[in-house]
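The values are calculated or read from the model by the stated rules, or taken from the named source; none is laboratory data. Because the structure is a prediction, the values reported are computed rather than measured. As a convention, Cβ positions derive from the backbone with ideal geometry for all residues, glycine included, and neighbour counts pool all protein chains shown.
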Amino acid sequence: MNVIYTDSLVIGGGLAGLRTAIATKQRGLDTIVLSLIPAKRSHSAAAQGGMQGSLAATIKAEGDNEDVHFADTVKGSDWGCDQDVARMFAQTAPKAVRELSTWGVPWTRVRKGPRSVVINAERVTINEKDEAHGLISARDFGGTKKWRTCYTSDGTGHTMLYAADNKAIECGIPVHERKEAIALIHDGSKCYGAIVRDLITGELVAYVARATTIATGGYGRIYSVSTNAVISEGIGAALPLETGVASLVNMEAVQFHPTAIVPVGILTTEGCRGDGGLLKDVDGYRFMPDYEPEKKELASRDVVSRRMTEHMRKGKGVPSPYGDHLWLDITLLGKEHIEKNLREVKEICEYFLGIDPVKDYIPVRPTQHYSMGGIRTFATGESRQLKGLFAAGEVSCWDMHGFNRLGGNSVAETIVAGMIVGEYVADYCESESVEIPMSVVREFLRREDAKITAIIDRTNGEDVYELKYAMQKIMMDKVGIFRNGEDLEKAVQELEALVARSRSVAIQNKIRSSNPELVEAIRVPMMIKLAACVACGAHARTESRGAHAREDHPERNDRDWLKRTLAIWKNEADDLPTLGYEDLDVMKMEMPPGSRGYGKAEIIPHPDTERRVKQIEEIQSSMPDVDRHELQKAIMPYELPEKYTGKNERIGVGFE
Amino acid sequence: MIQAKDGRTLKFHIFRYNPQLEGDEPKMVTYEVKEAPGMTVFIALNEIREQQDRSLQYDFVCRAGICGSCGMIINGKPDLACRTLTSKFKNGEITLLPLPGFDLIGDLSVNTGTFNRAMSERVGTWIHDEQAAEKSLDELEERMDPDLADEIYELDRCIECGCCIAACATKRMRDDFLGAMGFMKVARFHMDSRDKRSDAAWYEIIGNDEGVFGCMTLLGCEDNCPKDLPHQTKIAFLRRKMVGVKV
Ligand code: SF4
Ligand code: SF4
Ligand code: FES
């Protein structure tokens, strides 16, 4: 039997995985990272625009702090998020930015004195303070009150990933590349590691660990067009689903990014609009102010994507052989700005579209971009069902984003989650004495081996690419930006049929070692199950919240739907997931549900909301002399690893 | 915008060899693909794999020219396949070979990962500062000159694709030659005020024939770098610096 032992096994070598691994390694634990690819190639590198952290150095961020970041995040989530987690995040994010600075990220810095920027289509001059000179700068992003998105040009994710991977190399953390975890080893209550397939030799190895952390990113590739990397197929999310015990949550919460290029779906960063870029229609008309007079192009992503779609439905799209699109106009930012701060965007335009964004408009359309849902965990990152199983980053749902994620909050989450969850993983490894039941390990190895043999031996069966495309098309056509009961019902039925068909996949290339078709044959059945979770969750949720927009239920219904959708796959023979629900407790919220301030708010209130608002007012008036930190603690106490609880310093206000 | 020169039939001549398969021999195989508007080598290869040969191996991750996975020799030049439009090749003939200088995994897939990690360990591609760990994350970060930050980013844009390694004649003759990717890393960390290594420490790493003195400055690296890193200026700079180090 092929077995590798370690303390902390991390599946996924992107930012969340690497940061978790660094945390456990620094706590003295033996740590191994598994990755499909060299870690520096992970999809984290594609985060262009930046990472939110309330450092408040630029003048346009004056007055920013954890409270404002927290409030933006909760509002952005359409009150779907876990407010404890949003607090943990907002508190730790500035430290994460600063830590990455010591690890080498060349954050763009503030330059004192006047500088010319574009705000609401006009050139204005802002004056940066002398005392801010050389500190980490920030740019504007959608749905935020302050300029809070720290960046390095538009290659932020790349520089962060390189810094984190270099740190991991410095720490001597082995990254086992070209390895794919294909099953978790567990006994129904505890996780003991994973069965891993070597993508070159085809060999199966059991990686046995005290704690296993999944950090594999999103599942955008269940859609035909996605901004996600081609490896973002969601297998990390599918692994717990396959256990029949661990749950996924809010899988229907899928984000569509307003500005991916047409037709290939490559992202152009939100920084384009943050820096002053505009959206225009077939007539060259700037339409967003008509829909969202206050935030315009910088409304939350879900809002902008819907408005764009509405506008195209009115016949205002630009026709093309690939369907209608709109224009992103960054020409007004000028050559110098584009070549310095939006150069990846420029390269993408040149290579994939043959245009120069200094002079030409960019064809864009809302495109699948982010998975808010994922593996259900506690705020510690640990699975609620399987001990010893943790998740961090996009694949997880400790629930920081609820039903819509703010731009700049995902790449920030990866690293913050790694910092926090990594500490809890280390605590777990130190406290639990784990008896590894080797018979269980053996049985899982045997089972996975038998599955692969069955796929290879099957002479007549389903074509894996055909199944994949069918699934992707269903998701595109019926589980998109705007959803309705009728289409969703069809989607569920069609996916149900695909789940059944995916049990008899057969392949043409019958070798066990490196074999791209076999990889697909292992993955696609799991992907279809994920797709079914998304569609079922969306079908059942008869309200609109954040990115989940039901045309037949346009209101946000806090009374009946202030809850998370849970999905488990009870039996292998099931063709659909089993859904369950978990209530959000309004009486524990620091910010009771309110309006996000977009369009006309249709909200059916939760019966507790008014009571909680009163209660908070009482707490506030009973403590007139305390500072914001004390008050926050009184309203919603939350836990965080000790090392991250220190107050964050900012210019002008110190540690206030 | 993408102009459709639809309907052309492209001929892909692709290197095929699977070292995992006993008895397999390296060979070139030709595949025909109908060109679609905006088609990239990435799109064409996927089509070939799905419709003609399920065993074809290659690496793509971001398909957006930013992750460095898809370096290969395209009609004689190392380049990123994902952002190479087929329309670029007027006669419709496209020859694809794996990047030389790296271990072959199969067909067009090479193992850049182990190579790059070894390079990283050799150069020490991280901030060397013994005091760094003691810095409080609560306090204001250390200030940095805004221009310096921008200049570091210029070099930090390297995506470790390996095109410069594949294009380097010296590297091909001498396996232990650090190569341009490594030089760019040295230049990047050398410039970074947060990295406390002295020139003498850098000399230990590149002050020899496997390092910057072995470079013949033929600049295959700069000509083929998809991120337009300033190889020539930086290699010349490092050389001058290293010549000046007293040992
Ligand atoms: S220096 Fe350029 S060619 Fe060389 S690895 Fe980096 S990006 Fe690729
Ligand atoms: S200048 Fe020539 S020898 Fe030197 S690293 Fe570049 S390609 Fe290699
Ligand atoms: S696939 Fe990422 S650079 Fe080509």
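Restricting attention to region B:77-104 and to residues that are within 16 Å of ligand 1 (Cβ to nearest atom) and surrounded by fewer than 19 Cβ atoms within 10 Å (Cβ to Cβ), the residue that is nearest to residue A:354 (Cα to Cα) turns out to be B:77. Scanning region A:350-362 for residues that are out of contact with any Asp or Glu (no Cβ under 7 Å at 6 or more places or on another chain) and either surrounded by fewer than 23 Cβ atoms within 10 Å (Cβ to Cβ) or at pLDDT below 95 (or both) gives A:351, A:352, A:353, A:354, A:355, A:358, A:359, A:360. Which condition breaks for residue A:624 when tested against (1) over 19 Å from residue A:80 (Cα atoms); (2) in contact (Cβ under 8 Å) with a residue 12 or more places away in the chain? With respect to (1) over 19 Å from residue A:80 (Cα atoms); (2) in contact (Cβ under 8 Å) with a residue 12 or more places away in the chain, residue A:624 is out only on (2).
When A:182, A:200 are checked against the criterion of being among the hydrophobic types (A, V, I, L, M, F, W, C), surrounded by fewer than 24 Cβ atoms within 10 Å (Cβ to Cβ) and outside any loop (DSSP other than H, G, I, E, B), A:182 stands alone in meeting it.
I'm checking my understanding of the structure. Among residues of region B:203-232 that are touching a Ser or Thr at 6+ places or on another chain (Cβ under 9 Å) and away from ligand 1 (no atom under 15 Å from the Cβ), which one is modelled with the lowest pLDDT? The extreme case among them is B:216. Among the residues of region A:28-69, those that are in a helix (DSSP H, G or I) and surrounded by fewer than 24 Cβ atoms within 10 Å (Cβ to Cβ) comprise A:59, A:60, A:66, A:67, A:68. If you go through region B:126-183 and pick out every residue that is over 23 Å from residue A:339 (Cα atoms), within 16 Å of ligand 2 (Cβ to nearest atom), within 14 Å of chain A (Cβ to nearest Cβ) and in contact with a strand residue (DSSP E or B) (Cβ under 8 Å, 6 or more places away or on another chain), you end up with 1. Residue count for region B:67-76, restricted to those that are out of contact with any Asp or Glu (no Cβ under 7 Å at 6 or more places or on another chain) and within 7 Å of chain A (Cβ to nearest Cβ): 1.
Has region B:207-228 got any residue that is surrounded by fewer than 20 Cβ atoms within 10 Å (Cβ to Cβ) and within 16 Å of ligand 3 (Cβ to nearest atom)? Yes: one or more hits. One residue stands out among those in region B:29-66 that are of a type in the set (Val, Ile, Thr) and at the interface with another protein chain (Cβ under 10 Å from one of its Cβ atoms): the one that is nearest to residue A:178 (Cα to Cα), which is B:61.
Condition check ((1) modelled with pLDDT of 95 or more; (2) touching a Cys at 6+ places or on another chain (Cβ under 7 Å); (3) within 11 Å of ligand 1 (Cβ to nearest atom)) across all residues:
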{"residue": "B:135", "(1), (2), (3)": "no, no, no"}
{"residue": "B:138", "(1), (2), (3)": "yes, no, no"}
{"residue": "B:142", "(1), (2), (3)": "yes, no, no"}
{"residue": "B:149", "(1), (2), (3)": "yes, no, no"}
{"residue": "B:156", "(1), (2), (3)": "yes, no, yes"}
{"residue": "B:160", "(1), (2), (3)": "yes, no, yes"}
{"residue": "B:165", "(1), (2), (3)": "yes, no, yes"}
{"residue": "B:174", "(1), (2), (3)": "no, no, no"}
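For region B:166-204, taking the residues that are of a type in the set (Gly, Ala, Ser) and not in a loop (DSSP other than H, G, I, E, B), the one that is nearest to ligand 3 (Cβ to nearest atom) is identified as B:166. In region B:122-129 there is no residue matching the filter, namely being modelled with pLDDT under 95 and away from ligand 1 (no atom under 16 Å from the Cβ).
Return yes when residue B:117 is more than 16 Å from ligand 1 (Cβ to nearest atom), within 14 Å of chain A (Cβ to nearest Cβ) and of a type outside the set (Asp, Glu) and no when it is not. Judged against the criteria, residue B:117 is not a match. Of the residues making up region A:15-33, not a single one is within 14 Å of chain B (Cβ to nearest Cβ) and among the acidic types (Asp, Glu). Screening A:163, A:168 for residues that are within 10 Å of chain B (Cβ to nearest Cβ) and over 29 Å from residue B:57 (Cβ atoms) leaves exactly one candidate, A:163. Filtering A:85, A:117 for residues that are in contact (Cβ under 8 Å) with a residue 60 or more places away in the chain and closer than 30 Å to residue A:561 by Cα leaves a single hit, A:85.
Any residue at all in region A:445-459 that's in contact with a Ser or Thr (Cβ under 8 Å, 6 or more places away or on another chain) and either free of Cβ contacts under 8 Å to residues at least 60 places away in the same chain or not in a helix (DSSP H, G or I) (or both)? Yes: one or more hits.
Restricting attention to region B:194-235 and to residues that are of a type in the set (Ser, Thr, Tyr) and either in contact with a His (Cβ under 7 Å, 6 or more places away or on another chain) or more than 15 Å from ligand 2 (Cβ to nearest atom) (or both), the residue that is farthest from the other protein chains (Cβ to nearest Cβ) turns out to be B:203.
Scanning region B:143-153 for any residue that is closer than 22 Å to residue A:152 by Cα, part of a loop (DSSP other than H, G, I, E, B) and under 19 Å from the mean Cα position of the chain (by Cα) turns up nothing.
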